[in-house]
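The values are calculated or read from the model by the stated rules, or taken from the named source; none is laboratory data. These figures come from a predicted structure and were not determined experimentally. For neighbour counting, all protein chains shown are included, and Cβ atoms are generated from backbone atoms with ideal geometry for every residue, glycine included. For the accessible areas, the whole protein counts, side chains as well, though only heavy atoms, and no ligand, DNA or RNA atoms are used. Shrake-Rupley method; radii C 1.70, N 1.55, O 1.52, S 1.80 Å.
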Amino acid sequence: MNYRFRAAKTFWRSWSRLSEAQQRAARQAFPIFKANPFDPRLRAHKIHRLSAQYGRTIFAVDIAGDLRATFYVEGETVWSVSIGTHDLYKG
């Protein structure tokens, strides 16, 4: 499937709080994510607590170490919601 990618304001706020090394790791993972957000290398998984909170299925991908990015799929659009450590799962 050919997805379109969008980032919510919450994503950009969380991005600005990342270290340079974390931003670099995220930039390296993005081509994989853009080709297929469910690529096995990213270990996409559903985040049940956030899914219940948002009223839609929220997924997270592993970027590097404890760095995760959350997103949801709406039709053909992938919306990036947030990026950070496991703490982002708390909503």
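Please give the number of the condition VAL73 fails out of (1) part of a helix (DSSP H, G or I); (2) out of contact with any strand residue (DSSP E or B) (no Cβ under 7 Å at 6 or more places or on another chain).
Failed condition: (1).
Mind checking which pairs have a first residue in region 66-77 that is closer than 19 Å to SER14 by Cβ and of a type in the set (A, V, I, L, M, F, W, C) and a second that is open to solvent by 60 Å² or more (accessible area, probe 1.4 Å) and assigned to a strand (DSSP E or B), Cβ under 7 Å, 6 or more apart or different chains?
Sorted first by the residue in region 66-77, then by its partner, the pairs are PHE71/TRP79.
Quick one: what pairs do we get from region 1-20, first residue closer than 13 Å to TYR72 by Cα, second open to solvent by less than 50 Å² (accessible area, probe 1.4 Å) and part of a loop (DSSP other than H, G, I, E, B), C-beta under 8 Å, 6+ apart or different chains?
So the pair list comes out as TYR3/PRO37.
Just to be sure I understand, how many residues within region 16-46 are open to solvent by 100 Å² or more (accessible area, probe 1.4 Å) and not polar (S, T, N, Q)?
Number satisfying all stated conditions: 8.
Could you say which residue among ARG68, ARG49 is outside any strand (DSSP E or B) and of a type in the set (Lys, Arg)?
Answer to the check: ARG49.
Could you check how many residues of region 47-65 are in contact with an Asp or Glu (Cβ under 9 Å, 6 or more places away or on another chain) and surrounded by fewer than 16 Cβ atoms within 10 Å (Cβ to Cβ)?
Qualifying residue count for the region: 1.
If I ask for residues that are assigned to a strand (DSSP E or B) and exposed (fewer than 13 other Cβ atoms within 10 Å of the Cβ), which ones from region 1-15 would you list?
ARG4, ARG6
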